[in-house]
Amino acid sequence: MDELQHKLANIIPDGERLLMGDRITDQYRYDDYVTDTGEPIAVALPTSKEEVVALVKVAAEENLPVITYGAGTGLSGATAPLGGELIIDVHLMNRILDLDEETFTLTVEPGVLVGEIHEYVEKRGYFYPPDPGSKHSSIGGNVATNAGGMRAVKYGVTRDYVRELDVVLADGREMKVGSLNIKSSSGYDLKDLFIGSEGTLGITVQVKLRLLPLPKAKLSVIAAFHTLEDATDAVLTILRNGVDPTAMEFFEKEAIALSEKDNDLPFPSQEGDAYLLITLDGDSSASLEQRLQLLEDSVKEHHVVELLPLMDPAMEHTAWFLRDRLLTSVVNYTEQVTMDEVVPINHISTLYKYTKELEKQSGLKLISFGHAGDGNLHTCITRGDIQDQAEWEQKRDDVLGKLYQKISDLGGLPSAEHGIGLIKKPYFEKMTADLNIEMMRSIKAVFDPTGRLNPHKLF
Ligand SMILES: Cc1cc2nc3c(=O)[nH]c(=O)nc-3n(C[C@H](O)[C@H](O)[C@H](O)COP(=O)(O)OP(=O)(O)OC[C@H]3O[C@@H](n4cnc5c(N)ncnc54)[C@H](O)[C@@H]3O)c2cc1C
């Protein structure tokens, strides 16, 4: 047994929780977008923060880079090894520790899945709003990517629900950031630096989440349109008229058709060629009825073909299930690159129209869906039946370059949800002012002077 293995086995004596050599499985080598980047040296699966601290201290002694791994659902290559890393997979740290009903706070370990959090709190009359499509992603990963999801238009993103974090720094010191106080004017907000930092500043070992009371009434509605332009144009009217949607997803018919086929289920509306799938929530059915009327008035201005309230819970479940599975269905359909760009809300229609121009220019199929209420599109550049690898790569990269340029021109950002990781680094650096990148590098150097944590990711 070599010295490193000996040191790691002293911390994690259970062989099932320490993988080295041939025992390291492929899930740790790549994600959906990044393959064959390098070989990690070991994968350790701690079950306590004490084990995380001890592992990080060994990594410091042995000068090993460290990658933190949650549920591995990330889509940006942020957990992909480049060679020689110790991967710390925290998914076994998966206990819900406390529900404090006096401060409306839930304390969890980082490996708890966001879907489990929803189920746990809703049974007890509480609500955790962030709702990424990947219900099987971990809360530690959600914090590290500042995950968004369907309900961001009304309730915001993960950042808005993190009260306090316990983090392990690159040298093994433990740090608490944030607090249970609702307000703070007490110095820099260090907690906010960790949220969205993609495992480059510290390892989250405990999270305190803010909860809301569970809304008493909820209704989902499908608005079908002839074109996606009509649907995206309607978004601003809906927001301006005070409909106050909890979620407002948009997709083309051909996108949801992939999900219908993949899951062998029909979407509840077969009218039109584009849809908004909207949820309203509130304290009473009277408030929903009033806002449903406002919604009807709003979409009429944009040539709505059908407005279908989903009164039947099974039908509502089908509509949202197909929406949640959309990305997976596109991935199953063909080789593709899915973006998670965001533009100011008034430019969503402009950006969508530009994707159609690029489709004509390039001959590639560009499929669009996303969170219309907050300007976050998922544009999928699909390979379709292009046989020649070089032709596909050249066309894909050309479309990506043009799209990111347009996003930048519109004042948008390269990632609203999935993070930068490895794959968006060139675009992130191009779209961010040099001084801003320099300041981010300086912050990284303060927390992690030897550059041990998730090196070469982000910038
Ligand atoms: C089908 C599908 C749908 C998706 N839909 C959405 C969506 O609607 N909205 C959205 O925001 N995202 C979405 N995603 C992306 C993905 O689920 C998120 O990025 C998620 O937050 C990652 O969580 P994870 O536990 O899988 O993290 P991982 O993939 O394991 O890691 C992601 C990043 O977080 C870091 N990390 C993980 N755990 C910790 C920790 N404890 N401490 C420090 N750093 C850590 C990793 O180092 C890495 O940088 C989707 C993904 C899929 C596959």
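Scalar couplings 3J(HN,Hα) for the stretch 303-309, obtained by applying the Karplus form with A = 6.51, B = -1.76, C = 1.60 to θ = phi - 60°, are 6, 4, 8, 8, 10, 10, x Hz; x denotes Gly and Pro.
With both labels modelled 7 Å from their Cα along Cα-to-Cβ, the K135 to T103 distance reads 3.0 nm. Sequence-ordered 3J(HN,Hα) estimates for the stretch 26-36 from the Karplus curve with 6.51, -1.76 and 1.60 and θ = phi - 60° stand at 4, 4, 8, 8, 7, 10, 4, 10, 10, 10, 6 Hz, glycine and proline given as x. Taking every C-alpha pair closer than 8 Å and separated by at least 6 residues, the mean separation divided by the residue count of the stretch 96-213 gives a relative contact order of 33 percent. Rg/Rh for the chain stands at 0.97; both radii use Cα atoms, and Rh follows the Kirkwood definition. The charge dipole of the stretch 57-178, taken about the Cα centre with unit charges on the Cβ atoms of Lys, Arg (+1) and Asp, Glu (-1), comes to about 400 debye, rounded to the nearest 20.
Here the gap between T227 and E119, fully extended at 0.36 nm per residue and compared with their Cα-Cα distance, gives a gain of 35.3 nm.
A straight chain from S185 to N10 at 0.36 nm per residue would run longer than the Cα-Cα distance by 58.6 nm.
In a fully extended conformation the segment linking L435 and Q290 would gain 47.4 nm over its present Cα-Cα distance, using 0.36 nm per residue. Where in the stretch 256-294 does the amide nitrogen come within less than 14 Å of the point 7 Å from the Cα of A314, taken along Cα to Cβ? It comes to 265-266, 268, nothing else.
So which of K365/K424; K253/K395; K154/K208; K7/K191; K365/K444 end up more than 28 Å apart, counting from Cα to Cα? Over 28 Å apart, Cα to Cα: K7/K191; K365/K444. Just going by the charge dipole of the stretch 334-431, with Lys and Arg at +1 and Asp and Glu at -1 on Cβ, which of I420, S368, I348 is farthest out on the positive end? Going by the charge dipole, the pick is I348.
With K and R counted +1 and D and E -1, the other residues having a Cβ less than 12 Å from that of A319 yield a net charge of -3. For GluC sites (Glu not before Pro), the sites in the stretch 54-101 that DSSP calls loop and that have at most 16 other Cβ atoms within 10 Å are E62, E101.
Sparse packing (at most 10 other Cβ atoms within 10 Å of the Cβ) combined with a DSSP loop state is found for none of the trypsin sites (Lys or Arg not before Pro) in the stretch 351-459. Ordered by the number of other Cβ atoms lying within 10 Å of each residue's own Cβ, fewest first, Y28, Y275 fall into the sequence Y28, Y275. Listed by chain and number, the aspartates and glutamates placed with their C-alpha closer than 19 angstrom to that of K218 are E119, E122, D131, D244, E249, D281, D283, E289, E296, D312, E316, D324; residues fewer than eight positions away on the same chain are left out.
In terms of other Cβ atoms within 10 Å, L276, L4, L97 run from fewest to most in the order L97, L4, L276. The simple Förster model, with R0 at 56 Å and r as the Cβ-Cβ distance, assigns D283 and D398 a FRET efficiency of 0.65.
Given R0 = 56 Å, the distance between the Cβ atoms of K353 and K57 translates into a calculated FRET efficiency of 0.55.
Listed by chain and number, the lysines whose alpha-carbon sits under 18 Å from that of K135, ignoring those within fewer than 8 places in the same chain, are K123.
Footprinting exposure proxy ranking of D131, D434, fewest other C-beta atoms within 10 angstrom first, gives D434, D131.
When the Cα positions of S48, L169, A257 are compared along the charge dipole of the chain, L169 comes out farthest toward the positive end, with charges on each C-beta of Lys, Arg, Asp and Glu. Close amide H pairs (under 5 Å, H built 1.01 Å from N) link A147 with T158, residues at least 5 positions away or on another chain.
A short reminder: the numbers here are calculations on the coordinates, not readings from a lab. Quick caveat: nothing in here was measured; it's all calculated off a predicted structure. FYI the Cβ positions are ideal-geometry reconstructions off the backbone, even for glycines, and counts take in every protein chain you see.
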